[in-house]
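Okay, so here's the structure we're looking at.
Each value in this text was obtained by applying a stated rule to the coordinates, not by laboratory testing. Here the structure is a predicted model, which is why all the values come from computation and not from measurement. Backbone-built Cβ (ideal geometry, glycine too); neighbour counts: all protein chains shown.
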Amino acid sequence: MSTVPWSVRDRRLLTLRVGAGAAVVLAAWFLAAGEADLADQLPFVTLAVIGALLGMWGIFGWVTQGRRLVGQRARFLLGAAPVTNVDLASAETLVAGGTRHWFHRADCRLAASRGWPAASRSAHEAAGRRACPACKP
Ligand SMILES: [Zn+2]
């Protein structure tokens with residue numbers, strides 16, 4: 001595993017994309033500079049916007065690649081987080097609101113901080129509730 005987030009290839013790709021975008025913007029600027037009428041400059045403005053987008057695409061790809069590699073490094077160094085007993089307990093607890101159609105794991109984002117009472121699966125099913133399709137209890 002390398003010690004830097006971006007490889008030489010990534011840096012070359014960034015330089016190529018940003019350089020190409022800058023070249024397009026500069027070309028559009030030089031071409032538009034010779035046109036006195038604003039309507040005649042409009043195609044070159046469009047060309048400059050395309051060049052700017054090309055440069056931003058290069059930067060976005062570079063940052064995205066770096067974030068992905070930093071994430072890989074973090075997972076490699078830190079490993080997976082251990083599952084605690086508290087996580088297991090809250091995941092196994094099933095909650096639902098009184099008039100709701102779904103029952104959820106206590107740690108489901110749809111049920112978090114609602115203060116819904118816990119009950120067994122059979123109690124929820126007897127009340128006509130079905131398992132939440134998001135947390136799939
Ligand atoms: Zn849920």
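Assorted remarks:
- Charge dipole of region 8-78 about the Cα centre (unit charges at C-beta), most positive-ward option of VAL70, ALA52, GLY34: VAL70
- Stretchable slack from ALA80 to ASP10, in nm (0.36 nm times residue separation minus alpha-carbon distance): 22.4 nm
- Think of each Lys and Arg Cβ as +1 and each Asp and Glu Cβ as -1; about the Cα centre, that makes the dipole of the chain roughly 800 debye.
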